[in-house]
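The values are calculated or read from the model by the stated rules, or taken from the named source; none is laboratory data. Bear in mind the structure is a predicted one, so any value in this text is a computation, not a measurement. A quick note on method: Cβ atoms are made from the backbone with ideal geometry, for glycine too, and the neighbour counts reach across all protein chains shown. When the accessible area is computed, the model is the full protein with side chains, heavy atoms only, and any ligands, DNA or RNA have been set aside. Shrake-Rupley method; radii C 1.70, N 1.55, O 1.52, S 1.80 Å.
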Amino acid sequence: MNAPIATAPHLWLEQALAQAAARTPGWTLRFAEAGRRCGPGALQARVRLLAAARPGPAEVSLLYRQGTPAERRAVLLALPRLDLPAADGVPLVQDALRTNDTGLLAAALGPYAARHLDAHTWRHAVLKCLFTGVPVRGVARLAERAHADGELARMLRAHAAERTAAGRPVPEDLDHVLALTGHPQDPPPGP
């Protein structure tokens with residue numbers, strides 16, 4: 001029989017963390033319940049619950065796939081703390097990168113993605129940030145991965161040219177990322 005859950009947010013979280021660490025049956029219900037128990041701190045509470053429980057790949061995938069967007073963000077943010085193999089965690093990151101949910105996109109590009117995404121997928125994720133307005137300052141290891149990446153520079157220039165040709169503004173972050181590649185924007189051709 002499960003112990004009753006305290007009502008104060010900090011007491012509730014302490015008990016929920018203990019249940020998660022002990023892998024008490026039903027700890028995943030606490031993961032979902034954190035939204036109404038912890039208010040604005042729910043995201044971090046969920047990340048802490050996952051870190052305490054250290055669920056296996058199948059359980060992490062289930063929590064992500066059946067979760068609300070807020071629960072999915074928590075799973076993505078917790079990935080670096082869960083030591084999931086790339087074969088299990090990368091599909092979750094890739095799923096988030098296919099959405100138009102900017103919160104999921106930002107959460108997906110943390111340290112786990114920086115470590116495990118292949119160059120092609122990572123480049124497209126950076127472009128998607130620029131396209132959707134997700135600030136690139138949240139992309140983990142951006143400077144390191146962008147450094148000397150000529151293909152990323154080419155893609156950024158092409159994106160800037162398409163935006164300009166369509167009469168749309170070029171995202172401010174584009175020049176920053178382009179500078180990180182070491183291949184700054186060439187000046188426009190003269191008349």
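Give the number of residues within the stretch 129-173 that are part of a loop (DSSP other than H, G, I, E, B) and among the small types (Gly, Ala, Ser). Spell out how you get there, then give the answer.
To start, the set of residues in the stretch 129-173 that are part of a loop (DSSP other than H, G, I, E, B) comprises 133-135, 139-141, 147-149, 166-171.
Then keep just the ones that are among the small types (Gly, Ala, Ser); that gives 133, 140, 148, 166-167.
Final tally of qualifying residues: 5.
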Enumerate the helices (runs of 4 or more DSSP H) found wholly within the stretch 3-101, keeping only those where 1 or more residues are of a type in the set (Lys, Arg), over 28 Å from Val126 (Cα atoms) and out of contact with any Leu (no Cβ under 9 Å at 6 or more places or on another chain).
27-37
Which condition does Ala106 not pass, out of (1) buried (at least 22 other Cβ atoms within 10 Å of the Cβ); (2) out of contact with any Lys or Arg (no Cβ under 6 Å at 6 or more places or on another chain), if it passes all the others?
(1)
Exception for Glu71 within (1) buried (at least 18 other Cβ atoms within 10 Å of the Cβ); (2) free of Cβ contacts under 8 Å to residues at least 40 places away in the same chain; (3) in contact with a Lys or Arg (Cβ under 9 Å, 6 or more places away or on another chain) falls at (2)
Are there any pairs, at least 6 apart or on different chains, whose C-beta atoms fall under 6 Å, with the first in the stretch 101-127 and within 18 Å of Thr181 (Cα to Cα) and without any contact (Cβ under 8 Å) to a residue 40 or more places away in the chain and the second surrounded by fewer than 18 Cβ atoms within 10 Å (Cβ to Cβ) and among the basic types (Lys, Arg), and if so, which?
Ala114/Arg141
Going through Ala3, Ala58 one at a time, which residue ends up being exposed (fewer than 13 other Cβ atoms within 10 Å of the Cβ) and modelled with pLDDT under 95?
Ala3
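Pick from Asp83, Asp95: which is open to solvent by 10 Å² or more (accessible area, probe 1.4 Å) and within 24 Å of Ala21 (Cα to Cα)? Break it down into steps so the answer makes sense when it comes.
Working: Asp95 fails: within 24 Å of Ala21 (Cα to Cα).
On inspection, the qualifying residue turns out to be Asp83.
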